[in-house]
1. Just one of the numbered conditions (1) surrounded by 10 or more Cβ atoms within 10 Å (Cβ to Cβ); (2) more than 15 Å from the chain's Cα centre (by Cα); (3) part of a helix (DSSP H, G or I); (4) more than 7 Å from chain A (Cβ to nearest Cβ) is not true of residue B:52; which one?
2. Go through segment A:332-360 and count every residue that is touching an Asp or Glu at 6+ places or on another chain (Cβ under 7 Å), in a helix (DSSP H, G or I) and in contact (Cβ under 8 Å) with a residue 24 or more places away in the chain.
3. Which pairs do you get when a residue that is under 23 Å from residue A:48 (Cα atoms) and free of Cβ contacts under 8 Å to residues at least 12 places away in the same chain, found in segment A:8-27, comes within reach of a residue that is crowded, with 19+ Cβ neighbours inside 10 Å and of a type in the set (Val, Ile, Thr), reach meaning Cβ atoms under 7 angstrom, with the pair 6+ apart or on two chains?
4. Just one of A:53, A:57, A:102, A:128 is surrounded by 24 or more Cβ atoms within 10 Å (Cβ to Cβ) and either outside any strand (DSSP E or B) or touching a Gly at 6+ places or on another chain (Cβ under 9 Å) (or both); which is it?
5. Specify which of the listed residues (A:258, A:289, A:271) is modelled with pLDDT under 95 and not hydroxyl-bearing (Ser, Thr, Tyr).
6. Hey, can you tell me all the residues within segment B:20-46 that are within 7 Å of chain A (Cβ to nearest Cβ) and either of a type in the set (Val, Ile, Thr) or assigned to a helix (DSSP H, G or I) (or both)?
7. Being touching a residue at least 40 places away in the same chain (Cβ under 8 Å), surrounded by fewer than 20 Cβ atoms within 10 Å (Cβ to Cβ) and under 22 Å from residue B:35 (Cα atoms): is that true of residue A:386 here?
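The values are calculated or read from the model by the stated rules, or taken from the named source; none is laboratory data. Here the structure is a predicted model, which is why all the values come from computation and not from measurement. So basically every Cβ, Gly included, is an ideal-geometry build from the backbone, and we count neighbours across all protein chains shown.
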Amino acid sequence: MDPAFLTIAELSRLYDQRELSPVEVTRNLFDRIAAHDSKLHSFIRVTPEVALAEAQAAERELMAGRRRGLLHGIPYALKDIVETAGIPTTGHSKLCHDYVPAADAHLVSRLKAGGAVLMGKLATWEFALGGPSWDLPWPPARNPWNPDYLPGGSSSGAGSAVAAGFVPGAVGTDTGGSIRGPAAVCGIAGLKPTYGRVSRRGVFPNTFTMDHCGPLTRSAEDIALFLQVIAGFDAEDPGSEDAPVPDYAAALTRSITGLRLGLIEHWYADGAHPDLPPAMSAAIEILRGLGAVVEPVQLSSLRDYTDCKTTISIAELYAIHEKDLKTRPQDFGRILRNRVLPGALIRAEDYVQALRWRTVLAREQAMALKRFDALLTAGALGVADPADPNQPDRLVSSPSITMPFSVGGLPALNIPCGFSRAEGLPLSMQIAAAPMAEPIVLRIAHAYQQATDWHRRHPDLH
Amino acid sequence: MRTDLSHLPPSGPEEIRAMTSRAGLDLPEELIQQLIAVWPAFEAMVRRIPRDCDRAAEPAHTYRPLRIVRD
C-alpha cells in the first residue's frame, strides 16, 4: 500500500489494524522525498536517523498496544524556524546557517512526547518573511502542482511537502498568512489557531504580537488531530493563553445545520482571480445545502487591515534584526532586507497608533461574530505565483486576504474549494471564528470536505 | 471623517538618508539606494494609519505582569 496520500486519520487506523507500520511508512516517504524533492526543494534537511529511531520506537509501542497520542508513529516535518535540539535550525538564512539549538521548541517537545516521527526541516522564506528569494543558501521551494510555480510563503516547504505526499502533516507559522497562503496555493488545509493557543517558545520570532504556530495537513480532520497534540498553555510564552483544550475531533461529528455564517464577499469581489468568485459561490451553495445560513457581512477594507498589520510587523521585525542589520546587512537576502530596513524609519507613535487601530479592527470582527458563528471569505486572492525571480515585491502594494484574521488573532482555516481553469492550480476558502472557537471552524470545514472531494485531489509528480 | 497623514509630501532621498542616519544605520551606498527605492510604499502605508483613536483607546499589546516568567 502506497502511504503517500493517506491522511493522518487513515494512517492511524491502518496502524491499529496492523496493515501498515510506522517504519514501513517512514521508509516509503523517504524514498518518495529522495525521488522527487530535487525538483521541489521543500526540505532544507531530512533527518532519517532521527525519524527511523522514532518510527521504530513507535512501532514497538503500538504493537504492544501502548498508544501515546493521536500522532503516534505519524511522520511530520517542521518549518526551519522551529528549534530542534541537536538539529540545525537555519531560518533559511545565511545568518543562522550553522545554528544548532540546545533545546526543542515547546511544540516539538509535545510532538516528541506524543510519539510523532520527525522527517526533517522545511524550506521557508528567510526568517519567515523574506521571500521568495533566490539569493539565499537554499533555493526557494516549488509548487508540486506545477514546479514552474511557487508554493506561497512563508511556510513554503510545509505547503509543498504536504501537497507532494512527502509527509501527511507539517508545522508552519503564520504572522500575516504564512500557513494559510501556502495551504491555499498548494490545495491543502492550513490552520492559524487563535493567538496564544499554541506556544511560540523556541520558534524564531517575526512579529511578537501576531506570531502563531499551526498545522498544515491534507484534511480538516487531520488538522483537528494535529492541533490536539500541539495546543495548550505554556507558562514560558508570555502570549500563551491558559484556556482548556477541547476535544477537536469530537467537534467534527456535529452537523452544521443552523450555523450562521457571515460572508465577507467584498474582500474578493474585485481584483481576484476570475475563477475564484464562482468557486466561492459554489462552496457557499454546498454549505447552504448542509443547513448553514449564509448572509453577507461588511468589514473594513483589506487595505486597512494590511496597513495596520504591516506597520506593526516591520517595526517589530526591525527590532528583532537591528543588531545584524547594523553589523552584517549584506548577509540578509535582498527581499528580507528591503522589507525590514524600512522598520528603522517607523516612529514610535506610528507603531503605537497601529496597535491602537488593531484594537479597533479586532473589535469590529468581534462585533460581527456576535451575529455569526463564523466568517467566510476566500483563502487567497489568486493562484500560485510563477517562480520568477524578477517578480515585483507586493508585500505593501497588494492587500492580503489573510491579514485581517492575523490582526484579530482569530482561528482561521484555509481549505481547497476548486481549481483554476487556465493554470489548473488550487483555489481556497477561508473560515474564521471567535477566539478559541477552533471547534466551529473545524466542524464547518469537515462538513464541507465530507460533501466535496477537492482535498482528495493530489498532484502527479512524474 | 478619518484623520491620517496622507496629505504630507513624500520624503525625498536626502530626508531618507537623514532618517537612516538618525536610526544609527551606516549602510553601504548600494543598500541605501535600495532603501530609498522601497521606502515610499512603506511611508504611504504608515501615513494611512488613522490618528483619531479615542484618548483612552488601548494599544493591542498591554503589559501583563503576572505573565512575566522569572528566572
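1. Status for residue B:52: all satisfied but (3).
2. The total comes to 4.
3. none
4. Values: A:53 fails: surrounded by 24 or more Cβ atoms within 10 Å (Cβ to Cβ); A:57 fails: surrounded by 24 or more Cβ atoms within 10 Å (Cβ to Cβ); A:102 fails: surrounded by 24 or more Cβ atoms within 10 Å (Cβ to Cβ).
Sole residue among the options that is surrounded by 24 or more Cβ atoms within 10 Å (Cβ to Cβ) and either outside any strand (DSSP E or B) or touching a Gly at 6+ places or on another chain (Cβ under 9 Å) (or both): A:128.
5. Details: A:258 fails: modelled with pLDDT under 95; A:289 fails: modelled with pLDDT under 95.
From the options A:258, A:289, A:271, the qualifying one is A:271.
6. As a first pass, look at segment B:20-46 and keep what is within 7 Å of chain A (Cβ to nearest Cβ): B:20, B:23-25, B:27, B:31, B:34-35, B:38-39, B:41-42, B:45-46.
Of everything in segment B:20-46, those that are within 7 Å of chain A (Cβ to nearest Cβ) and either of a type in the set (Val, Ile, Thr) or assigned to a helix (DSSP H, G or I) (or both) turn out to be B:20, B:31, B:34, B:35, B:38, B:39, B:41, B:42, B:45, B:46.
7. Details: touching a residue at least 40 places away in the same chain (Cβ under 8 Å): yes; surrounded by fewer than 20 Cβ atoms within 10 Å (Cβ to Cβ): yes; under 22 Å from residue B:35 (Cα atoms): no.
Criteria not met by residue A:386.
Matching residues to (1) outside any strand (DSSP E or B); (2) surrounded by fewer than 22 Cβ atoms within 10 Å (Cβ to Cβ); (3) of a type in the set (D, E, K, R):
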{"position": "A:390", "(1), (2), (3)": "yes, yes, no"}
{"position": "A:400", "(1), (2), (3)": "yes, no, no"}
{"position": "A:418", "(1), (2), (3)": "no, yes, no"}
{"position": "A:439", "(1), (2), (3)": "yes, yes, no"}
{"position": "A:442", "(1), (2), (3)": "yes, no, no"}
{"position": "A:455", "(1), (2), (3)": "yes, no, no"}
{"position": "A:460", "(1), (2), (3)": "yes, yes, yes"}
